[in-house]
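Everything on this sheet refers to the single structure shown next.
Read the figures in this text as sums done on the coordinates, not as results from a lab. Only a predicted model underlies this, so the values are computations on that prediction, with no experimental measurement involved. Cβ sites come from the backbone with ideal geometry, for glycine too, and all protein chains shown count toward neighbours.
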Amino acid sequence: MQNDTHDIREDERFMRQALTQARKAKKLGEVPIGCVIVCDGRVIGRGYNRRNTDHSTLSHAEIRAIRKASKVLGDWRLEGCTLYCTLEPCPMCAGAIEQARIDRVVIGAPSDKSGCAGSILNIVQCEKLMHQSEVTRDVLVPECRELLQDFFRDLRKRTKNAARKDAGKMVPAEGAEKPFS
Ligand SMILES: [Zn+2]
């Protein structure tokens, strides 16, 4: 699926910008996923995951970037645009990419849990749908993957510590009054 006609250095440059967006999500305690949309060599939409912050399942990085790019172009059609995302799009975002008629999708880390640009399904290249995007996978995979892995490692650590603290509360302190004796 890799297309050699594209400049890999340029793809990496824009993927780094998507990674910058992903780090903004991390700062909010959100799963670090970022996205930028490029038109004629210019970034016209940026987004990062804000699902918990916004209390909205629609607040995925790609959807937010698509909204902004559409505003800039004054058009829901994003023909001629390339979308860079640090993690392979989920079914919802892959559907939005297809609907927005985005020319090309450049993906960082693959997702075996929800990836719909080839891993589980391939919505963005489904011949039965109206529009198919060109897909370039595996751009800056180590950086994109590491950001996610670090986040989940920290989350597990925090959850474990919180559970330990809660467990501590359930043990009555020495000399504490026994409520039912
Ligand atoms: Zn999504």
Rounded to the nearest 10, the angle in degrees between the Cα long axis of helix 8-27 and the longest principal axis of the Cα atoms of the chain comes to 30 degrees
Extension length gain for Val141 and Ala162 (0.36 nm per residue less Cα distance), in nm, is 4.4 nm
Among Leu155, Val135, Ser70, the residue whose Cα sits farthest towards the positive end of the charge dipole of the chain (+1 at Cβ of Lys and Arg, -1 at Cβ of Asp and Glu, taken about the Cα centre) is Leu155
Going through Lys27/Lys165; Lys24/Lys113; Lys27/Lys68; Lys24/Lys165 one by one, the pairs whose alpha carbons sit over 26 Å apart turn out to be Lys24/Lys165
Listing Arg13, Arg137 by rising number of other beta-carbon atoms within 10 angstrom, fewest first, gives Arg13, Arg137
Taking every alpha carbon pair in region 19-99 and sorting the distances into 10 angstrom bins from 0 up to the bin holding the longest one, the percent per bin comes out as 21, 55, 23, 2
Burial-style ranking of 80-87, 106-113, 127-134, 147-154, average other-beta-carbon count within 10 Å with highest first, yields 80-87, 106-113, 147-154, 127-134
For the chain, the longest principal axis of the Cα atoms and the Cα long axis of helix 141-170 enclose an angle in degrees, to the nearest 10, of 20 degrees
For region 1-138, shape from the Cα gyration tensor axes a ≥ b ≥ c, cut at a/c of 1.5 then a/b versus b/c, turns out rounded
Tilt, helix 61-73 to longest principal axis of the chain (alpha-carbon atoms), in degrees rounded to tens, equals 40 degrees
Honestly region 49-91 on the Cα gyration tensor test (a ≥ b ≥ c root eigenvalues; a/c under 1.5 rounded, otherwise a/b vs b/c for prolate or oblate) is just oblate
Heads up, region 6-62 by the C-alpha gyration tensor (a ≥ b ≥ c square roots of eigenvalues; a/c under 1.5 rounded, else a/b over b/c prolate, else oblate) looks prolate
Given 158-168, 29-39, 55-65, the highest-first ranking by average Cβ count within 10 Å works out to 29-39, 55-65, 158-168
